[in-house]
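The values are calculated or read from the model by the stated rules, or taken from the named source; none is laboratory data. Just so we're clear, the structure is a prediction, and the values are computed from it rather than from any experiment. For neighbour counting, all protein chains shown are included, and Cβ atoms are generated from backbone atoms with ideal geometry for every residue, glycine included. Areas reflect the complete protein model, heavy atoms only, side chains present, ligands, DNA and RNA absent. Shrake-Rupley method; radii C 1.70, N 1.55, O 1.52, S 1.80 Å.
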Amino acid sequence: MSDAKNLDESFVRYYEDLAKEELGPLWTNLGYMVTREPAHDVAPYLWKWEVLRKHLLKAGELLPVGRDSERRVIYLQNPSLLKRGLVGYGTHTLYAGIQLLLPGEVAPSHRHSQTAIRFIIEGEGAFTSVNGEKTYMERGDLVLTPSWTWHDHGHEGTERMIWMDGLDVGLVRNLAGSFFEPYEDDVYPVTQPDNGSTLRYAHGSFRPVTERKRVTTASPLLSYKWEHTKDSLNNLTNLQEADPFDGFAVDYINPATGGPADARIGTTMQQLPSGMRTKAHRHVHSAIYHVVNGSGYTVINGEKFEWSKGDFFVLPPWCWHEHVNTGSQDAFLFSINDRPVLENLGLEREQAYEENNGHQEISSIFKPGSLLP
Ligand code: GTQ
């Protein structure tokens, strides 16, 4: 459209008249609505583990867990989303929190339409009870809490337990699908054998005939043990070449469907041998990473994010990224993503960075907002 037309007085008046009726002309706004490439408000960010852990332990001194507090969790608040007054925490779709449960405590039963995953960081002896089945948690395990299942957490051990919570809070909020209900008692009755789903389904190869008529599409396996994850990755390192973009990596799957372990939150573990430098690519899905072990950095759109054990960082949609393991040990990166949703909607795309042999120039080094003294 020509400027002359834009400036034409009759158009100016026309636009004002439209605006008075809460209407807009598509021909001046199409480019904002239907962008050539993904437009979003999510910036990358990184949180250091020492900072997270220090504040979480402080909450342990200050706050009792019970119906008043529901959960003792501090969550990642991506400043890019806060600044713009947008709904979203880690990314526009994904939330990550760090939860602390002390020996003897009970985080009371409730259910919500957000789906949740837990990745265990520290301690043992605590369990999550999902619809009446207790799953005991250990470092490195992934534990599922499918949407709208009753869940409470309890602790029969002697050491503090810390784990990561991943929920699709932004997604559900933007789709206006949130429902929440507290259970009438603190604890939902246990009706199933402890660790039952893990014991029945851990090999992923067999299903009891009594479960043939199982109707739910949620994964029948609720806990993915670190030992199995590590074995699968270790086998990969002996069997095949690393993926150029992800290194050696596995997606956690639902053994009943072969699809993602959780229907809405994708979960991946990647192993980067010492010295590995992946090539850059970008994809529509966003992710939140947690460094399980090792040290290195990730370059996101030319900015270097240095990480070590325990750190968390956000990968926004459609950003070039590549990982480098600078440590002497293998690095393990756990991540949650919104890929299942994008794939279901036919919106996922991926692109390799072609220039410079697949590597970005580093133009800046990220510094977290506040550094420890
Ligand atoms: O443990 O049920 O981090 O409901 C956020 C919401 C944890 C939980 C979170 C939750 C939970």
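Before moving on, here are some points about what is shown:
- About its Cα centre, the dipole of the range 9-96 is roughly 720 debye, where the only charges are +1 on Lys and Arg Cβ and -1 on Asp and Glu Cβ.
- Taking the charge dipole of the range 89-146 about its Cα centre, with +1 at Lys and Arg Cβ atoms and -1 at Asp and Glu Cβ atoms, the residue from Thr93, Val130, Ile120 reaching farthest to the positive side is Thr93.
- All Cα-Cα separations within the range 138-213 were binned at 10 Å from zero, giving a P(r) of 11, 35, 37, 17, 0, each value a whole percent of the pairs.
- Space enclosed by the convex hull of the alpha-carbon atoms of the range 131-178, per residue, Å³: 96
- Charge dipole magnitude, Cβ of K and R +1, D and E -1 - the chain, Cα centre, debye nearest 20: 320
- Accessible surface of the chain, 1.4 Å probe, proportion on carbon and sulfur as whole %: 51
- A simple rule links phi to the HN-Hα coupling: the Karplus curve 6.51 cos²θ - 1.76 cosθ + 1.60 with θ = phi - 60°, which for the range 46-57 gives 9, 10, 7, 4, 4, 5, 4, 5, 4, 6, 5, 5 Hz, with x for Gly and Pro.
- About its Cα centre, the dipole of the range 246-328 is roughly 100 debye, where the only charges are +1 on Lys and Arg Cβ and -1 on Asp and Glu Cβ.
- Stokes-Einstein D (µm²/s) once Rh is taken as the Kirkwood radius of the chain over alpha-carbon pairs, at 37 °C in 0.692 mPa s: 147
- For the Cα trace of the range 283-353, dividing Rg by the Kirkwood Rh returns an Rg/Rh value of 1.01.
- Reducing the range 39-108 and the range 245-309 to their Cα centroids gives an inter-centroid distance of 21 Å.
- Based on the convex hull around the alpha carbon atoms, the range 1-149 presents an average projected area of 14.1 nm².
- Convex hull volume of the C-alpha atoms in the range 219-373, normalised per residue: 134 Å³.
- Within the range 279-311: backbone nitrogen closer than 20 Å to the Ala352 label point (7 Å, Cα to C-beta): 279-285, 299-302
- Distance from the alpha carbon centroid of the range 315-373 to that of the range 157-222 works out to 29 angstrom.
- Solvent-accessible area per residue, Å², over the chain with all protein chains present [probe radius 1.4 Å]: 51
- Highest mobility in the GNM of the chain, judged by mean-square fluctuation with C-alpha springs under 10 Å and restricted to Ala107, Ala39, Ala280, is found for Ala39.
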